[in-house]
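The values are calculated or read from the model by the stated rules, or taken from the named source; none is laboratory data. Just so you know, these numbers come straight off a predicted model, no measurement behind them. Virtual Cβ from ideal backbone geometry, glycine too; neighbours counted across all protein chains shown. Keep in mind that these areas ignore ligands, DNA and RNA; they rest on the heavy atoms of the full protein, side chains included. Shrake-Rupley method; radii C 1.70, N 1.55, O 1.52, S 1.80 Å.
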Amino acid sequence: MEALAVEELRAYYFPADKPPLRAVDGVSFELKGGLSMGFVGESGCGKSTLGLALLRLLPSPGRIISGAVRLNGVDLMSLSEGEFDRIVRWKRISMIFQGAMNALSPVYTIGHQLSEPLVYRLGLPKRDARELSIKALWEVGLDEGIMDRYPHELSGGMKQRVMIAMALALRPDILIADEPTTALDVVVQAQILNLLKDLRERLSISIMLLTHDLGVVSEIADAIAVMYAGEIVELGPSDLIFSDPKHPYTRGLLAAAPRIRGGKSKPTPILGSPPDLANPPKGCRFRPRCLTAIPSCERAPPTVELGSNRMVRCWLYG
Amino acid sequence: MSAWSPRSLWAEYKRCKVGLAGLALFAMLLALSVIAIASVPLDSYRQWNNPSHWTEYPRAAPPAWANYVTGLKLPEHMVLRNPTVRQSAAGWVRVVTHTYYFSFLYEAFPDDFLFKFSLIYGGSPPLVELSAERPDGLRMLLARIAAPPRPEGSEARAYNSAIFSTDVSLKVNLANCLADRVGVIVSPDGISPERMIFAKEGPSMAEGGTGVLKGDYAFQARFFLFGEGDDVLSSRLVIGGKVFGPFGTDDLRRDLSVGILWGTPIALSIGVSVAILSVSIGIAYGVISGYCGGRLDELMMRLNDVAYAIPALPFLILLALSLGRSLLYMMAYLVLFGWVGVAKVARSVALQIKAAPYIEAVELLGAPSRRIIFRHIAPQLIPYAMANIALSVPAAILAEAGLSFIGLGDPTMPTWGQILHDAQIHGAAIRGLWWWALSPGVMLALSSLAFVMMGYALDRALNPKMRGA
Amino acid sequence: MMGLMGFLIRRVLNMAAVLLVTVLLTIAILGPSADAILKRAIEQETRAEILQNKELVGKFKDPRELEDYVKSQIQGKVASMGLNDPWYSPRRLWAIAMKVMTLDFGQSYYIRGYGGSSNVKDIILESLPRTVLLFGTATLLIAVLGILVGAAAARRAGSILDKAVLGYAVLSNSFPLWWIGMLAILVFSYTLRIFPARATPPILPSDPAYPMALLYHMALPLLTIALIGFGGWAYIVRNLVAGILQEDFITVAKARGVPERKIVYGHALRSAAPPIVTIIALALSGSFGGAMITEAVFDWPGLGRLYWEAIGLLDVPVIVGLTYVSTLIFLLSVFIADVLYGVFDPRVRVG
Ligand SMILES: Nc1ncnc2c1ncn2[C@@H]1O[C@H](COP(=O)(O)OP(=O)(O)O)[C@@H](O)[C@H]1O
Ligand SMILES: [Mg+2]
C-alpha cells in the first residue's frame, strides 16, 4: 500500500484585496513506502506550498481549499488541528525546510533545539532527550561537541545536517526535503545528498524531494513529478522521465540542463517566464511558452495514463 | 524601494483611514492658522507680555462654555466697544451721548465694571455723567465728574480717564438712589455697586441680597462739551465677568485665545520647516556616505554615531542660553539634532538602491557620481523622505514646546509651550485652573497627532509588507 | 567570552569618544561664559582667602588699599592660570576639559544644596540619587509592561488588543510627557486629592519617615512616566516580535512541537531581545528630555528640577554641570543596554 496518497489538493494564498494565488491547484500523486519522489519545477511553481500544506503549516494568507490526503490509509483532512499536531506533524511527516540558514533559532543551542521535538512531542525528560539528540547527531555525521554551540557558529552544511537530524529524530514515515542543497557549495551538496540516500535506506523512510534542480532529483528520486504553475504536468519513474520525457515542459527542463545525463549539447533555456498564479492562462498553463502548442491547448489538457505509474497532462497524447 | 509615482502613492495613502483622519486634522489646523492670522490682531499678539495691555480682561477666568459643562450661569466678561452715539446742542453746550445696550441673563453678579473714555478738549473742561437704566425702568445716576481744567487758550489735547465701580463717588450716588427709591439708608461703604446695579429692587439690594435682575440694561454716558473743537474720541464699557471667551484668561488677565490661536501657525511653521530641513540634511548626509562608501563612509558614520549618542535636551538648553532664544535660532538648534537619525536609515536605503542593477548600468555608462546621487538615488528617496518629514514634525513641535516650557522660549512670541510654562509657574494645575493647562496641551497633542497619523499612513503606503500586520 | 569583552571594549571606547565630544562641545558653546565662571570662582576664592587672613588684613589701614591688593592678587592668579588666553587655546582647552571630567564645576551663583553648599558638584550629587531612583524604577516598570503587552499583542496580531496597543502608542507619543504630568496633578491632586501635588516630601531628609514619604510622593510621577512611556515600548516590542514570528525558524519550531507560548515568549522574544534593547536604548534618548522636564512639573527634587531652577535663575555653573552629568547618565544607561545586548545575543557573546 502507498504510504502517502494525495488527491486533487488545492492550496491557495489569499492576499488582501487581490485575487487568490493558486499556488497548488489540483495536485494528485502517490508515494510508496521507502521510496523517494522528486518534485521538480521552476521556482515559484508551488513546491514549497505543497510541502507546507501537507504539514498544515502554510504561512498566513495561505489555506488548503480542497483535496484528500491519506497517510497509510488514514484520512488526514478529517483530523482537527490538535489531532494533526499530536499524531502526524513531525511524528509521521517531518520536513527539512527551505533555507537551512534560517531554520534554527539564533538564540538557543543546537542541543536545546534538537531536544525540543523529543521533549514536546514524546514527553521525554530533558536528560534522555539530550542523549537521544547526541545519537541523532552521530547519525548525520556530526559529533556531540556541537550540542552547546549556537547556529551562527556552524557552517551551512552543518546546519543542514542538524536539520536532518532534527527531522528524523522521531522516525517519521515521510520526510519532505525542500531544496535541501540549495545555497550550499557543490561538495557539501553531494555530501548532503549522500547522507539523505544513506538514511533513507537505513531508516526506510519515504522522501519527498522538492527542488528546482534536476541534478539533485536524478541522484535519489525513484519517481519524479514535474510541476508547472501549481500543477503536476508529468509523473513517472525517474529513469523514464529522463530517458523519454513526454511533456514539452519536461523536455524544456532537460534541454535547459543537458549535462545531467552526460549530454554534450548546449543548454537551451525555456523562453518566457512562468505565469501569474493569480490569473493563469486558460487551458494548458504552459501554452504561452510551449513550442508545440496546438489549438486544443486552449482547453484544459487531459490526464493521460501511459502505462502504470506514468502520467502526462498534455493534448499531444490525448 | 521600487519606482513610485505621486498618484500611486496617493492611491495607497487614501486606503488608510488613519491617514485620512490625519489629513483632516492637518486641514483643520491650517484653517485655524488662517483664522488666527485673519481675526486676531497681530497687535494684541505682540502685546502678550505687556501687562498694561490686558487690564480690561478678567483674571484667571474659565472659558465661557464652561457654563454649559458646569451648569452654572456665571456672567461672561464683556468688553463693549461700540456704543450708540447721539449728539445734541443746547446753546453753547454740546451733549454727546454714548449708550451701551446689553442683556444680562446670568445667575451671578459681575465682578466689577469699568467705563473708559477718551476726550479731546482745549478750554473749559467737559463734564461726564454716567448712569444706568435697568430692565425694571429704574434709572441710577452712577457718577458725575469733570475733566481737569486747562490753562486758558492752551492747545486742544487728548485726555484719557476711567470710572471704576470701586469709586467712592459712585457709592455715594447709589446710596442716595437707594434712600430715594427704597427708603433704606445705607452708608456708602455698605454699597457694592456691581451688585446693587444688577440686583432686584428691595431693601437689601445694596449688597445684592435680593438676587440678580435679569434683562436688558443700558449704560449711558453723557459728555457735556463746551469748546469748539472739543470731542469724544472713544469710550468703552467693561462688565467684569467670571468666564471669558473660548479659552478663558490666565492669571495675568491675558486672553488665552490670542496665544492659543496664534500658537497654531507658529507651531506648524516650526514643525514643518525644522522637519524639512533636518530630513533633507539627513538624507543628503546618508546618501553621500552610503554612495561614496570606503573611508569617507566610515568617517561619516562614526561622526553620526557620536552625534546620535548626545542627548538633545541638555545641549538645546546650553545653546539657547549662550547663543540666543529667538524662534529662528531655536529652529536651527532643532535641525542640529534632527538630522542624525534620518542619516542612518537614509544610508542603508541608499546602499540598497546603489546595488540595484540599473544604477550599476548607469555607472558603467560613466555618469559622474554627483549625477547618480542627485538624479538616480535621491529622487527614489522622496517618498521615504515624506514619511520621515511627517514623523519629524511632531518631534520638532514637542521639542520646541519642551524648551519653551522650561523657560527658554522666544520671549517675543508666545507659543503653547510658553503658555504652559506660565501655567506651571503660577501653579495652574495645583490651583485647578484647568483651562490654562488643558488647551495648549490639547493643541500640541492634536498637531503632533495629525502628523503622526499622516506619517503612519505614508509609511504603510510605502511599505506594503507592513500592511498585512 | 572573548566576543563579549571585545564588544564591550568597543562600546567603552565609543562612549569615551562621545564624552570627549560632549565636553568639547560644552566648552565651545559656553566658551566666553565659561571663562566668566572661572574668573568669578577665582575672585571669590582669593578674596575669601585674603579676608580670612586677619594678620594680612590688619596691615592695610585704608580699605581702598586692601581692595587694590585683592585685585592685584586676583589678576596674578588669573594670569598664572592662563585665563588671559582665549578659551580655545589648546592649553586652556585641556585644563577646562580636565576640570569638567573630574566633575569640578566650581561654585554656583545662587543655588545652594541642602547643607548650604554652593559647590556645584555637591549640589548635583545631592539630586542625582533621586533622579536615578525615579527613572530607574520607571524604566523597569516600563520595560516589564512594554515587553509583556507588546509580546501579547504580537501573539494576537490583528486582534483588538493589537490595535489598542498601536492606538495607545500613537496617542501617548503625541502628548508631551510633562503636560500629562500637569494633567495628572490636576486630576489626582486637585480634583480627587489622592496624591500630593508636590513630589518633594515636606520633611527633612534626616527624618526617619523620609523614605516612606519619598515613596508616597514618588507615586504620581512614577505612574505618569510609566503609563505614558510604556505605550511606545509595547509598540516597538510588538513590531519586532511580530516580525520574528514571520521568520522561518518559528515555523520550524512550531513544526517540531514547541508550544505556542514558548514560541512567543521563548524563541521570538529572545531573538527580538537584542534589537529591542538597541532600539529602546535609542528611545531612551528621546524620553530622557521629557522625563527631566517632568521632574520639574512634579517638583521632584532631582536633576530635572535642579535644571528648571538653574535655568530660571540663570545659574550657569549649575547648568554646565547638569549638562555634563545628565549626558553621563544617559551614556551610562545606553552602555548598560549595550551590555544587556551582548548578554542576550549569542552572536555577540560567543563569536
Ligand atoms: N506567504 C505567501 N503569501 C503569498 N504568496 C505566497 C506566499 N508564499 C509563496 N507564495 C506564492 O506562491 C507561489 C508558490 O510559491 P512556492 O510554493 O514557494 O514555490 P516554490 O517553492 O516552487 O519556489 C509563488 O507565486 C509565491 O509567490
Ligand atoms: Mg520553494
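Quick notes on this one:
- Placing unit charges on the Cβ atoms of the charged side chains and taking the dipole of the protein assembly as shown about its Cα centre, the candidate lying farthest along the positive direction among C:Tyr324, A:Pro172, C:Leu56 is A:Pro172.
- Kirkwood Rh and Cα Rg combined as Rg over Rh, evaluated for the stretch C:120-350: 1.04
- The solvent-accessible area of A:His112, taken with every protein chain present and a 1.4 Å probe, is close to 70 Å².
- Comparing C:Ser172, C:Ser326, C:Ser108 in a Gaussian network model of chain C (Cα springs below 10 Å), the most mobile by mean-square fluctuation is C:Ser172.
- For chain B, the C-alpha radius of gyration divided by 2.2 N^0.38 Å, with N the number of residues, is 1.40.
- Taking the Cα centre of the protein assembly as shown as origin and assigning +1 to Lys and Arg Cβ atoms and -1 to Asp and Glu Cβ atoms, the resulting dipole is close to 2120 debye.
- Amide H contacts of A:Leu306 (H built 1.01 Å from N, in plane; Pro and chain starts excluded): A:Met311, A:Val312 sit under 5 Å, all sequence-distant by 5 or more or on other chains.
- Pairs from C:Lys71/C:Lys99; B:Lys14/C:Lys163; A:Lys197/C:Lys254; A:Lys126/C:Lys163 whose Cα-Cα separation, in the structure shown, is over 31 Å: A:Lys126/C:Lys163
- For the stretch C:120-350, size of Cβ-based charge dipole, Lys and Arg +1, Asp and Glu -1, in debye: 920
- By the Stokes-Einstein formula, at 1.002 mPa s and 20 °C, the stretch B:366-462 with its Kirkwood radius over alpha-carbon pairs has D equal to 135 µm²/s.
- Per-residue shielding of A:112-120, expressed as the average number of other chain Cβ atoms within 10 Å of the residue Cβ, stands at 4.
- Residue-averaged 222 nm ellipticity for the protein assembly as shown, from DSSP H runs of 4+ at -39500 (n - 2.57), nearest 500: -17000 deg cm²/dmol
- Label point 7 Å beyond Cα of B:Glu152 along Cβ direction - residues of the stretch B:91-123 with amide nitrogen under 17 Å: B:122-123
- With only Cα atoms counted, the stretch A:237-306 has Rg and Dmax values of 13.7, 38 Å.
- The distance linking the stretch B:381-440 with the stretch A:245-318 is 68 Å (Cα centroid to Cα centroid, whole angstrom).
- Relative packing of C:156-166, C:334-344, B:248-258, C:199-209, which averages over residues the other C-beta atoms within 10 Å, highest first: B:248-258, C:334-344, C:156-166, C:199-209
- The stretch C:229-313: relative contact order in percent, alpha carbon pairs under 8 Å with at least 6 residues between: 23
- Charged side chains reduced to their Cβ positions (Lys and Arg at +1, Asp and Glu at -1) give the stretch B:348-415 a dipole of some 300 debye around its Cα centre.
- For the stretch C:2-101, the fraction of alpha-carbon pairs in successive 5 Å shells from zero, as %: 2, 11, 17, 15, 12, 10, 9, 8, 6, 4, 3, 2, 1, 1, 0
- The stretch C:155-225 - Debye-derived log10 I(q)/I(0), Cα point model, q = 0.18, 0.22 Å⁻¹: -0.78, -0.93
- Inverse of mean 1/r across different Cα pairs in the stretch B:241-294, Kirkwood, Å: 14.5
- Note on chain A: dipole from Cβ charges, positive end direction compared against A:Leu142, A:Leu253, A:Leu118; the farthest Cα belongs to A:Leu253.
- Choice from A:Leu35, A:Leu254, A:Leu291 with maximal GNM fluctuation in chain A (Cα, 10 Å cutoff): A:Leu291
- Kirkwood Rh (inverse of mean 1/r, distinct Cα pairs), the stretch B:342-408, angstrom: 14.1
- Column: log10 I(q)/I(0), Debye, Cα scatterers of the stretch B:169-324, q = 0.10, 0.21 Å⁻¹: -0.70, -1.31
- In Hz, Karplus ³J(HN,Hα) per residue of the stretch A:75-86 (6.51, -1.76, 1.60; θ = phi - 60°; x = Gly, Pro): 6, 6, 5, 7, 7, 6, 4, x, 5, 4, 5, 6
- Dividing the mean sequence gap of close Cα pairs (under 8 Å, 6+ apart) by how many residues chain A holds gives a relative contact order of 20 percent.
- Cross-link pairs beyond the 25 Å C-alpha cut-off, checked among C:Lys39/C:Lys61; A:Lys18/A:Lys91; A:Lys32/A:Lys159; B:Lys73/B:Lys200: C:Lys39/C:Lys61; A:Lys18/A:Lys91; A:Lys32/A:Lys159
- Percentage, to the nearest whole number, of Cα pairs in the stretch C:86-138 over 17 Å apart: 53
- Burial order of peptide ranges A:206-215, B:180-189 (average beta-carbon count within 10 Å, highest first): A:206-215, B:180-189
- Seen against the Cα atoms of chain C and their longest principal axis, helix C:269-298 is set at about 40 degrees.
- Ranking C:Ala199, C:Ser271, C:Ser159 by how far each Cα lies toward the positive end of the dipole of the stretch C:120-350 (charges on Cβ) leaves C:Ser159 at the top.
- Seen from a random direction on average, the alpha-carbon convex hull of the stretch B:119-199 projects onto 6.2 square nanometres.
- Over the stretch A:109-165 - Rg/Rh using Cα atoms and the Kirkwood inverse-distance radius: 0.95
- Each Cα pair under 8 Å and six or more residues apart adds its separation to the average, and for the stretch C:2-101 the resulting relative contact order is 36 percent.
- Interface C:B - total buried accessible surface [probe 1.4 Å, Å², rounded to 100]: 3900
- For the stretch B:92-137, chymotrypsin sites (Phe, Trp or Tyr not before Pro) are listed when DSSP marks them as loop and at most 15 other Cβ atoms sit within 10 Å of their Cβ; the list is B:Trp92.
- Equivalent ellipsoid dimensions for chain A as semi-axes, Å, which come from the Cα gyration tensor, largest first: 35, 22, 18
- Between B:Glu207 and B:Asp180, the modelled label-to-label distance comes to 2.5 nm, taking each label 7 Å out from Cα in the direction of the beta carbon.
- Rg(Cα) / (2.2 N^0.38 Å) computed for the stretch A:65-198, rounded to two decimals: 1.09
- Pairs of alpha carbons in the protein assembly as shown separated by more than 63 Å make up 32% of all such pairs.
- Among C:Met218, C:Met98, C:Met182, the largest mean-square fluctuation in a Gaussian network model of chain C (Cα springs under 10 Å) belongs to C:Met98.
- Square roots of five times the Cα gyration tensor eigenvalues for the stretch B:163-217, Å: 16, 14, 9
- Residue-wise HN-Hα couplings along the stretch C:157-168, as the Karplus relation 6.51 cos²θ - 1.76 cosθ + 1.60 with θ = phi - 60° gives them from phi, are 4, x, 7, 4, 4, 4, 5, 4, 4, 4, x, 5 Hz; Gly and Pro carry x.
- The amide H of C:Ala199, built 1.01 Å from its N in the peptide plane, has C:Asp299, C:Trp300 as neighbours under 5 Å, considering only residues 5 or more places off or on other chains.
- Chain C: angle of helix C:210-245 to the longest principal axis, Cα-based, in degrees nearest 10: 50
- Number of partner chain Cβ atoms within 10 Å, mean per residue of A:52-60: 2
- Cα-based Rg and Dmax for the stretch A:1-137, where Dmax is the largest Cα-Cα distance (Å): 16.9, 50
- Projected over all directions and averaged, the alpha-carbon convex hull of the stretch B:14-59 occupies 4.9 nm².
- Of the DSSP H helices in chain B, those that are both long (alpha-carbon extent of 24 Å or more along the helix axis) and hydrophobic (Kyte-Doolittle mean at least -0.5) are B:17-39, B:256-292, B:327-354, B:382-403, B:434-462.
- Near A:Leu209, the amide H atoms lying under 5 Å from its own belong to A:Met37, A:Gly38, A:Phe39, A:Ala177; only residues 5 or more places off or on other chains count, and H is placed 1.01 Å from N.
- For the stretch A:183-251, convex hull of alpha carbons as volume per residue, Å³: 101
- With the simple model of a label 7 Å out from the Cα in the direction of the Cβ, C:Arg112 to C:Met212 spans 3.1 nm.
- Inter-site label distance for B:Glu129 and B:Asn160 at 7 Å from Cα along Cβ, in nm: 2.8
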